[in-house]
Amino acid sequence: MKLAMGGQFFDDVTVPVLWGTRAVLQDRGGRLSVTDLGGSAAHPEIIADEVAPGVRSAARDEGYTIVGANDEELYTYSPSAKRLGQSSTGLPDVEVRDESIRVGSSVLAGNVIRACEVGIACRGRCGYLRCDEIE
């Protein structure tokens with residue numbers, strides 16, 4: 001896939017941003033979609049800045065909270081800020097800006113990421129950031 005997202009250019013990348021088990025994509029209109037890849041089948045949670053049909057959520061001032069099967073708050077999403085945060089897994093916030101992608105306190109801008117399965121991977125409580133093949 002070729003995709004421009006948050007000031008980065010992803011070329012031949014399957015998943016531009018992997019936030020824990022969730023793939024994060026941005027469409028040409030700037031809207032984000034989030035799909036959980038952690039189960040036996042991919043499960044869309046957010047489609048074009050809106051909660052996907054059948055996904056449990058709670059409204060918030062700046063967006064909504066995605067709620068898990070056991071009523072736990074999985075994460076929050078702010079469509080206006082393009083920010084995923086407050087993850088129950090302890091992952092750092094991810095914010096897709098016009099010219100950059102912020103992961104925790106790290107800001108990536110103007111990179112070309114090519115020929116890899118995952119472009120930017122966010123894992124674990126420490127906010128580990130891995131960027132494959134950045135030029």
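Some observations on this one:
- Kirkwood hydrodynamic radius over Cα pairs of region 57-121, then Stokes diffusion coefficient at 4 °C and 1.567 mPa s, in µm²/s: 98
- Of the peptides 27-33, 14-20, the order by per-residue mean of other Cβ atoms within 10 Å, starting with the highest, comes out as 14-20, 27-33.
- Pairs of Cα atoms in the chain fall into 5 Å distance bins, from 0 up to the last occupied one, in shares of 2, 11, 21, 26, 21, 13, 5, 1, 0 percent.
- A viscosity of 1.567 mPa s and a temperature of 4 °C, combined with the Kirkwood radius over Cα pairs in Stokes-Einstein, give a translational diffusion coefficient for region 6-61 of 105 µm²/s.
Any read-out appearing in this document is the output of simple, stated calculations on the displayed coordinates, not a laboratory observation. It should be emphasised that the depicted structure is a prediction, and the values quoted were computed from it without experimental measurement. So basically every Cβ, Gly included, is an ideal-geometry build from the backbone, and we count neighbours across all protein chains shown.
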